[in-house]
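> Take a look at the following structure, please.
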Amino acid sequence: MGKRLYTDKVLFFTIVALVTFGLVMVYSASSIIAVQGKYNVDAHYFFVHQLIWAVVSFLVLMGMKRIDYRCFNTPAWAFGSIGVVLVLLMAAFAMDGAKHRWLNLGVGRLQPSELAKPALVVFVAFFLSRRIRAVNNMRFTLGGCGLVLGALALAVSVADLGTAVVLVGATGVTFFVAGLDLKYLLKAIPVAALLLLVGIAAKPYRVGRVIAMVDPTHAILKKVDPNDWILTYVRSSGAPPDAAWQGQQAKIAIGSGGVFGLGLMDGKQKLFYLPEPHTDFIYAVIGEELGLLGSVTVLVGFFVVLARGYRTFLVAPDDFGRYLAFGVTTMIVLQALFNLTVVTGLGPTKGIPLPMISYGGSSLLATLFSAGLLLSVSERSN
């Protein structure tokens, strides 16, 4: 007779609550701009699309939690998933000539960079489960994993630097918890910082966003670049000249919400002041309409995911399960933290969705796929 499995109900219903709450906020944030904005579609357009993705993603979650996570602990899954994602990223680069982000599937669009998150988590867990006693071996452990991570992060960063940062950050934290010597981490940080600067400099609109955050009046910039070469480079992107606009409107939205908010559906900044309020800046709409209470409730939800995910890491029966649980949890929470720093003005503007809440089918599918893996580990850890 098989061992009875017990679902972590706190984690499961927290995930369901976040996704349901996200559907409500997507409708609130998008209904007006869908009808009167550049989209010129039905008021329910974005909500319906997100609902369809939510149903599909939830079925994927339920399927993944029923599958024994240990079946993914094979070279075929670890290396094959990375290979498939790299192929999809190259296809998106070739087929999406404007942004190099999307694959048009006819019935919808797929963003391969989102699929890189669960693929990398499975690979790292597989890798560490076999090299945990030699995690500081430069040639066979750090070199091998670094090569795969570098290739994946480079392919993702072409069009989505924010996701590449999340991938590298989550992997670095996972290796540190696995026993990576601090000296290697201290050596890796400046290299990663240099590569991040190169990634920013490669796209003029990214440079503009950083300048908008650290030197919005260009006072410092004029001293170091009196000939305006940098500003000329930034303007060559064709992006809106005021790169700080979206961040400013987000802070206005959050500030005007007060403690209790203006009320659901009653926000003002989403009315063509805050660009694309239903996607990466949906937390600003939450802050305006539901106030401090709504904003903190979202934070509590992610804290519960963090606590229950790391609890699963501590009680998992094997190394693969431990680092699978830790990697999934860290990837989700780190992405949420990244999004919140952007919306609250603590980081430069970057297009990265708030997991389970922002509009975006690829992000929701990848997140719930990963959450299904986490629940699978949890159920087999009792």
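> Could you go through the stretch 127-148 and let me know if any residue there is within 20 Å of the chain's Cα centre (by Cα), farther than 19 Å from Gly360 by Cβ and not assigned by TED's automatic domain parsing to the domain that holds Val328.
Looking through the stretch 127-148, at least one residue is within 20 Å of the chain's Cα centre (by Cα), farther than 19 Å from Gly360 by Cβ and not assigned by TED's automatic domain parsing to the domain that holds Val328.
> Restricting to the stretch 67-88, name every residue that is among the small types (Gly, Ala, Ser) and either over 9 Å from Val122 (Cβ atoms) or touching a residue at least 60 places away in the same chain (Cβ under 8 Å) (or both).
Ala76, Gly80, Gly83
> Name the residues in the stretch 206-222 that are β-branched (Val, Ile, Thr) and outside any loop (DSSP other than H, G, I, E, B), would you?
Listed by number, the residues that qualify are Val207, Val210, Ile211, Val214, Ile220.
> Kindly indicate the residue of the stretch 40-96 that is in contact with a helix residue (DSSP H, G or I) (Cβ under 9 Å, 6 or more places away or on another chain) and of a type in the set (D, E, K, R) and also modelled with the lowest pLDDT among those meeting that condition.
Asp42
> Please go through the stretch 34-54 and give me each residue that is in a helix (DSSP H, G or I) and within 16 Å of Gly360 (Cα to Cα), ordered by number.
Correct list: Ala34, Tyr45, Phe46, Phe47, Val48, His49, Gln50, Leu51, Ile52, Trp53, Ala54.
> May I pose another question? For the stretch 339-377, which positions are modelled with pLDDT of 95 or more and farther than 26 Å from Ile52 by Cα?
Of everything in the stretch 339-377, just one residue is modelled with pLDDT of 95 or more and farther than 26 Å from Ile52 by Cα, namely Val377.
> Out of the residues in the stretch 1-24 that are in contact with a Gly (Cβ under 9 Å, 6 or more places away or on another chain) and crowded, with 19+ Cβ neighbours inside 10 Å, which is farthest from Met356 (Cα to Cα)?
Per the stated criteria, the residue is Leu11.
> Filter the stretch 175-205 for residues that are outside any helix (DSSP H, G or I), closer than 30 Å to Ala325 by Cβ and hydrophobic (A, V, I, L, M, F, W, C) and give the result.
Across the stretch 175-205, the qualifying residues are Ala178, Leu180.
> Taking Val304 as meeting all but one of (1) surrounded by 24 or more Cβ atoms within 10 Å (Cβ to Cβ); (2) β-branched (Val, Ile, Thr); (3) farther than 20 Å from Ala178 by Cβ, write down the number of the exception.
(1)
> Would you please name the residue that is nearest to Val207 (Cα to Cα), looking only at residues in the stretch 341-351 that are surrounded by fewer than 23 Cβ atoms within 10 Å (Cβ to Cβ) and of a type outside the set (Ser, Thr, Tyr)?
Residue satisfying both the conditions and the ranking: Pro348.
> Given the criterion without any contact (Cβ under 8 Å) to a residue 40 or more places away in the chain and not hydroxyl-bearing (Ser, Thr, Tyr), identify the matching residue among Gly309, Gly327, Gly291.
Residue meeting the stated conditions: Gly291.
> Also, I was wondering about something else. Going by what's in this entry, would Ala29 be described as under 25 Å from Glu288 (Cβ atoms), in contact with a Pro (Cβ under 7 Å, 6 or more places away or on another chain) and assigned by TED's automatic domain parsing to the domain that holds Leu373?
Considered against the rule, which asks whether it is under 25 Å from Glu288 (Cβ atoms), in contact with a Pro (Cβ under 7 Å, 6 or more places away or on another chain) and assigned by TED's automatic domain parsing to the domain that holds Leu373, Ala29 comes out as yes.
> Between Ser113, Ser81, Ser129, which is surrounded by fewer than 20 Cβ atoms within 10 Å (Cβ to Cβ), assigned to a helix (DSSP H, G or I) and polar (S, T, N, Q)?
Ser129
> Inside the stretch 304-326, can you point out the residues that are of a type in the set (A, V, I, L, M), in contact with a Phe, Trp or Tyr (Cβ under 7 Å, 6 or more places away or on another chain) and either under 19 Å from Leu337 (Cβ atoms) or not in a helix (DSSP H, G or I) (or both)?
Across the stretch 304-326, the qualifying residue is only Ala325.
> Within the stretch 223-238, which residues are touching a residue at least 12 places away in the same chain (Cβ under 8 Å) and either buried (at least 16 other Cβ atoms within 10 Å of the Cβ) or assigned to a helix (DSSP H, G or I) (or both)?
Passing the criteria: Ile230, Leu231, Tyr233, Val234, Arg235.
> Do we find that Gly347 is farther than 14 Å from Leu11 by Cα and assigned to a helix (DSSP H, G or I) in this structure?
Here the answer is no, as Gly347 does not meet what is asked.
> Taking Met62 as meeting all but one of (1) among the aliphatic types (A, V, I, L, M); (2) touching a Phe, Trp or Tyr at 6+ places or on another chain (Cβ under 7 Å); (3) in contact (Cβ under 8 Å) with a residue 60 or more places away in the chain, write down the number of the exception.
(2)
The values are calculated or read from the model by the stated rules, or taken from the named source; none is laboratory data. As the structure is a prediction and not an experimental result, all values here were calculated from the model. Ideal geometry is used to build each Cβ from the backbone, glycine not excepted, and the neighbour counts take in all protein chains shown.
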